[in-house]
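Reviewing the structure listed below.
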Amino acid sequence: MILGWKVALLNILRNGRRSLITLAAVVFGCTSLIVFGGFVQSMYDGMRESMIRSQLGHIQIYAAGYNQYGKAEPEKYQIPSAKLEQISNVIEKQTQALVVAPRLNFNGLLSDGKQSIAIMGIGVDAEKEVLLSSAIHIVQGEDLFPEDAAAAHLGEGLFNALNAEVGDHLTLLASTQDGAINAVDIQIAGVVTTGVKALDDRLLRVNLPLAQELLYTTDVTRLVVLLEETEMTDMAAEDLGKAFRDQNLNLELKSWWDLAGYYHQVVGLFNGVFGFITVIVLVIVALSISNTMLMAVMERTREIGTIRAMGGTPTQVVGLILLESVFLGIIGSLLGLLAGILAAKGITYAEWMMPRPPGSTQDYPIRVFVVSEILMKTFTLGFLISLISSIYPAVKASRIPVVNALRFT
Amino acid sequence: MLVELSGISKRYKMGDVWVDALKDVSLSLAKGEFLAVKGPSGSGKSTLLNILSALDQCDSGTVHVGGINIGRLGEHQRSKFRNRHIGIVFQSFNLIPVLSALENVMYPLTLRGVKEAKPRALQALRDVGLDQQANQRPTQLSGGQMQRVAIARAIVTQPDIVLADEPTANLDSKTSEHIMTLIQKLNKEQGVTFVISTHDDYVTGLASRVITILDGELVKDSQTNISPLDRHNRVDITELEVKV
Ligand SMILES: Nc1ncnc2c1ncn2[C@@H]1O[C@H](COP(=O)(O)OP(=O)(O)OP(=O)(O)O)[C@@H](O)[C@H]1O
Ligand SMILES: [Mg+2]
């Protein structure tokens, strides 16, 4: 019924104030969802990349059994140096890895002569780690260089707990693989932060040879692989796993997805918060639309009475009013998308600093991603909510007895 | 008979009191009649027309229009019934303001999905002498022109009967005469059955039949000439009450 479409469209124009309020409500709702959704996405992204590029890499490779038994007997589940070359070749062949870096993890005590602090040590290939751990920031001092055999990076919290300066010498104690106590001298080359406070309080990074000397071993704990893009992880992990099995390398691997427990907790929490906010926004928008629509429909009671008198059925009246809200919903949602995208870009461009999240040690500017999935969901929601919130006014209008509706002035 | 009303009663509740708007009214109407319904204010004219047009339902009695017992119809069916069998002309025209004259006339046809609504609507506008104004909005039309559009809208579906509740009450006397002449012409030339309620003697003068309602009762019918004398006294009383 083309006339119905025309009436609906023209009624939208005729009832300017009502239409504006409804549109504003839909636009407000869409914009909030797009901006908040995009912000949460950027937060996930930032957190994920910072974890990958400061600790986890995309894929980690261990000797088979390490993740199950390595905690109790780490020395039995190491990757021997002799095999490193071969494994690296496989990795480079299977994936377009940017970096494959060995790490040797250990626990120890760091002493400045007066006090000793438990540390979480990592022996690293300094040159490779510059690429791999680009999200680790040097707060004081300089990079690790392989030539400085005794050089060490201390986490910021750890450094502050000690009474020491960059350049000072400290003693590092650990138990070797066969259980003896061993000690080496280290020199503070720099102070670093990973962005995670709990880690910064205990982190000590030294050159791999020093760590191997301390633990009296030539093995490494793991190989950390950095890919070009995080999206490549799943494919790469699958290919690698297959290649390792095929060549009987006796290795196992985990992706950042498996290792980032904290990330998943935060994502879960914020998805919950986002869901809750979505519901609140939708309720506000729905109430506002429903209210304005009710007023607009009541103002037109007489006209509706006339249509009913001419033989329009209650269903046709409901359809007519819903058609109006379909139009309003589409227009509002489109405007809302536009406003949301502009707001997202504007906020990102403004580079406001974000309040520091708990457990984090770095400030970031607020970024709001424009995510097509969120845009699509928002459009659908904006459209549906304007339709749904008009059902009550429409049904109510269609139920007024015709005689009363006609009497209405 | 086209219309068959028997024993119609309708009461309204006004605060705590019940008002008898219609009391046991019976009436039959043949096709092609032009019936004027007379009576003082509050006598029940509008109530009668509303029941005839299936806009309202009576409390007791039966209404048959074209053989259909409209008391039996549900809300949906009554809408369909109105669309097919009834044309209504309102005192205050009730055109849809966002639509042109032509679209207003097309509306009842499009409600039932008629394809050739436009030529039929144009013809109806021609019948009321307004084809020149087809594309104008109601706001651009005079009162008399608006009522002509409304009449075109009522006849475009070729209804069994057109009901007009004081169609000239909002018009000046000159325009009223034009409208009534038009109605008479449509009645004579196209055989459209009209029922018109009015206070106006000019209107009753044109009708082929006049009934008088008083206090909800049919007290006079020019066709059957029932006019019980004992009720005449009450005319003054009712009119007095209304004036107070
Ligand atoms: N919806 C209603 N609720 C309550 N009372 C009503 C209602 N409709 C009509 N009435 C009462 O019923 C009686 C008849 O009313 P009706 O409108 O039919 O009179 P009328 O002859 O059309 O009067 P008028 O010439 O003023 O239009 C009046 O007393 C009126 O107050
Ligand atoms: Mg009346």
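So the values come out like this:
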read-out: Pairs, first away from every other protein chain (no Cβ under 11 Å) and away from ligand 2 (no atom under 16 Å from the Cβ) in the stretch A:380-409, second of a type in the set (D, E, K, R) and assigned to a loop (DSSP other than H, G, I, E, B), C-beta under 8 Å, six or more apart; value: A:Ala397/A:Arg300
read-out: Hits in the stretch B:72-113 (condition: free of Cβ contacts under 8 Å to residues at least 24 places away in the same chain, within 8 Å of chain A (Cβ to nearest Cβ) and under 19 Å from A:Ile400 (Cβ atoms)); value: B:Glu75, B:His76, B:Ser79
read-out: Residue in the stretch B:22-38 that is under 19 Å from B:Asp201 (Cβ atoms), assigned to a loop (DSSP other than H, G, I, E, B), in contact with a helix residue (DSSP H, G or I) (Cβ under 8 Å, 6 or more places away or on another chain) and within 16 Å of ligand 2 (Cβ to nearest atom) present; value: no
read-out: Meets criteria (modelled with pLDDT of 85 or more and within 14 Å of chain B (Cβ to nearest Cβ)) for A:Ser42; value: no
read-out: Residue in the stretch A:210-229 that is of a type in the set (Lys, Arg) and either part of a loop (DSSP other than H, G, I, E, B) or farther than 21 Å from A:Tyr66 by Cα (or both) present; value: no
read-out: Failed item, numbered, when A:Leu131 is tested on (1) touching a Leu at 6+ places or on another chain (Cβ under 9 Å); (2) under 23 Å from A:Trp256 (Cα atoms); (3) assigned to a strand (DSSP E or B); value: (3)
read-out: Hey, A:Val273 in the same structural domain as A:Val40 (by TED's automatic domain parsing) and either among the basic types (Lys, Arg) or closer than 19 Å to A:Leu23 by Cα (or both) or not; value: no
read-out: So B:Ser43, is it away from every other protein chain (no Cβ under 11 Å), over 19 Å from B:Asn187 (Cα atoms) and away from ligand 2 (no atom under 13 Å from the Cβ); value: no
read-out: Selection within the stretch B:150-183 - more than 14 Å from chain A (Cβ to nearest Cβ), surrounded by fewer than 23 Cβ atoms within 10 Å (Cβ to Cβ) and assigned to a loop (DSSP other than H, G, I, E, B); value: B:Ala169, B:Leu171, B:Asp172
read-out: Answer from A:Leu381, A:Leu337, A:Leu406 - the residue that is more than 30 Å from A:Gly195 (Cα to Cα), surrounded by 15 or more Cβ atoms within 10 Å (Cβ to Cβ) and more than 24 Å from the chain's Cα centre (by Cα); value: A:Leu406
read-out: Selection from the stretch B:146-170 of residues that are away from ligand 2 (no atom under 16 Å from the Cβ) and under 15 Å from B:Ser92 (Cβ atoms); value: B:Met146, B:Gln147, B:Arg148, B:Val149, B:Ala150, B:Ile151, B:Arg153, B:Ala154
read-out: Residue within the stretch B:130-149 that is crowded, with 16+ Cβ neighbours inside 10 Å and either within 16 Å of ligand 1 (Cβ to nearest atom) or among the hydroxyl-bearing types (Ser, Thr, Tyr) (or both) present; value: no
read-out: Some residue of the stretch B:189-204 being of a type in the set (A, V, I, L, M), in contact (Cβ under 8 Å) with a residue 12 or more places away in the chain, in a helix (DSSP H, G or I) and within 16 Å of ligand 2 (Cβ to nearest atom); value: yes
read-out: Hits in the stretch B:96-147 - residues which are at positive phi and assigned to a helix (DSSP H, G or I); value: none
read-out: Meets criteria (within 16 Å of ligand 1 (Cβ to nearest atom) and assigned to a helix (DSSP H, G or I)) for B:Val210; value: no
read-out: In the stretch A:20-35, the residues that are surrounded by fewer than 20 Cβ atoms within 10 Å (Cβ to Cβ) and either under 14 Å from A:Ser372 (Cα atoms) or aliphatic (A, V, I, L, M) (or both); value: A:Leu20, A:Ile21, A:Ala24
read-out: The stretch B:114-123: number of residues that are surrounded by fewer than 19 Cβ atoms within 10 Å (Cβ to Cβ) and facing another protein chain (nearest Cβ under 9 Å); value: 0
read-out: Any hit, the stretch A:230-252, residues being hydroxyl-bearing (Ser, Thr, Tyr), assigned to a helix (DSSP H, G or I) and surrounded by 19 or more Cβ atoms within 10 Å (Cβ to Cβ); value: yes
read-out: Complete set of residues in the stretch B:59-91 that are assigned to a loop (DSSP other than H, G, I, E, B) and either away from ligand 2 (no atom under 16 Å from the Cβ) or among the aliphatic types (A, V, I, L, M) (or both); value: B:Asp59, B:Gly66, B:Gly67, B:Leu73, B:Gly74
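Every residue, every condition in (1) buried (at least 20 other Cβ atoms within 10 Å of the Cβ); (2) more than 11 Å from ligand 1 (Cβ to nearest atom); (3) more than 30 Å from B:Thr110 (Cα to Cα), yes or no:
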{"position": "B:Arg11", "(1), (2), (3)": "no, no, yes"}
{"position": "B:Ala21", "(1), (2), (3)": "yes, no, yes"}
{"position": "B:Ser46", "(1), (2), (3)": "yes, no, no"}
{"position": "B:Gly66", "(1), (2), (3)": "no, yes, no"}
{"position": "B:Arg72", "(1), (2), (3)": "no, yes, no"}
{"position": "B:Gln91", "(1), (2), (3)": "no, no, no"}
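So that you can scan it fast, the table gives a plain yes or no per residue for (1) small (Gly, Ala, Ser); (2) more than 14 Å from A:Thr31 (Cβ to Cβ):
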| position | (1), (2) |
| --- | --- |
| A:Gly319 | yes, yes |
| A:Leu328 | no, yes |
| A:Ala343 | yes, no |
| A:Ile347 | no, no |
| A:Ile374 | no, no |
| A:Thr378 | no, no |
| A:Ala405 | yes, yes |
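The values are calculated or read from the model by the stated rules, or taken from the named source; none is laboratory data. Keep in mind the model is a prediction, meaning the values are calculated, not measured. Glycine gets a Cβ as well: all are built from the backbone with ideal geometry, and neighbour counts include every protein chain shown.
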